[in-house]
Amino acid sequence: MRDKNGSGKGLSDYGIVFLTGGIDSGTSQSVCERIIECNVSGEIDHMQLIINSHGGEVSAGFAIIDVMEWSRIPIYTTGLGMLASMGLMVFMAGEPGRRVLTPRTSILSHRFQGIRMGSHGELIAGRKGEDLTHERILDHYLRYSKMRTREQAEETLLKEVDIWVSAEEAIEYGLADIVETPRRRGGHGGR
């Protein structure tokens, strides 16, 4: 891609970063590195993180969220396609007032899920880790949504079953700030 001056700049040179597919250590590292690079370069005044993700590893997602919170450059988020699980949580951490959804974005929230096997001691230790993860997720929802109590968050968005949310409900719950209005196109015979 070339800009108007003919240079070989890519979207990330303008602070536009995509987070697509599953969130794992590789995608987390890539996004975190780009956020840090943009902060160090001082060449842009904000970043745009475009997310289309079904979620993934909790620790990898929280690494992205931690770097987003560290960033001195505001990070605007745009959700399109799908925002599910950890993908939704990364989206929610965007700059307040700048968390934009496209109107057909599928949005899924659910409680943390884990499977443990091992000795009795390993199961006990694993349970503590899962409890700590659940507390981090609850804290995240309380910080980045209109949910004010853990009970409200658990009863509304963090149930034992998948909770599908419309774009309008995402605004109501404070998960997003804006639903992008589709641009009208002419010449389709009034359809």
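The values are calculated or read from the model by the stated rules, or taken from the named source; none is laboratory data. Bear in mind the structure is a predicted one, so any value in this text is a computation, not a measurement. Don't worry about glycine lacking a Cβ; one is built from the backbone with ideal geometry, like all the others, and counts go over all protein chains shown.
Results, tabulated for the structure shown:
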quantity	calculated
So Ser53, is it assigned to a strand (DSSP E or B) and among the polar types (S, T, N, Q)	yes
Some residue of the range 83-99 being hydroxyl-bearing (Ser, Thr, Tyr), part of a strand (DSSP E or B), touching a Gly at 6+ places or on another chain (Cβ under 7 Å) and surrounded by 11 or more Cβ atoms within 10 Å (Cβ to Cβ)	no
Selected residue (only one of Val31, Val17 is farther than 30 Å from Asp131 by Cα and among the hydrophobic types (A, V, I, L, M, F, W, C))	Val17
Within the range 60-76, tally of residues that are surrounded by 14 or more Cβ atoms within 10 Å (Cβ to Cβ) and of a type outside the set (A, V, I, L, M, F, W, C)	4
Single unsatisfied condition, Phe18 versus (1) in a helix (DSSP H, G or I); (2) hydrophobic (A, V, I, L, M, F, W, C); (3) more than 20 Å from Leu158 (Cβ to Cβ)	(1)
Qualifying positions in the range 104-129 - loosely packed, with under 15 Cβ neighbours inside 10 Å, modelled with pLDDT of 75 or more and not small (Gly, Ala, Ser)	Arg104, Lys128
Residue in the range 66-76 that is in contact with a Ser or Thr (Cβ under 8 Å, 6 or more places away or on another chain) and modelled with pLDDT of 95 or more present	no
Residue that is surrounded by the most Cβ atoms within 10 Å (Cβ to Cβ) [pool: residues in the range 1-54 that are among the small types (Gly, Ala, Ser) and at pLDDT below 95]	Gly15
Selection within the range 155-168 - outside any strand (DSSP E or B), touching a residue at least 40 places away in the same chain (Cβ under 8 Å) and buried (at least 16 other Cβ atoms within 10 Å of the Cβ)	Leu157, Leu158, Ala167
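One line per residue, one yes/no per condition, for (1) farther than 17 Å from Ile178 by Cβ; (2) among the hydrophobic types (A, V, I, L, M, F, W, C):
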site	(1), (2)
Ile50	no, yes
Asp66	yes, no
Leu80	no, yes
Leu88	no, yes
Glu95	no, no
Thr105	no, no
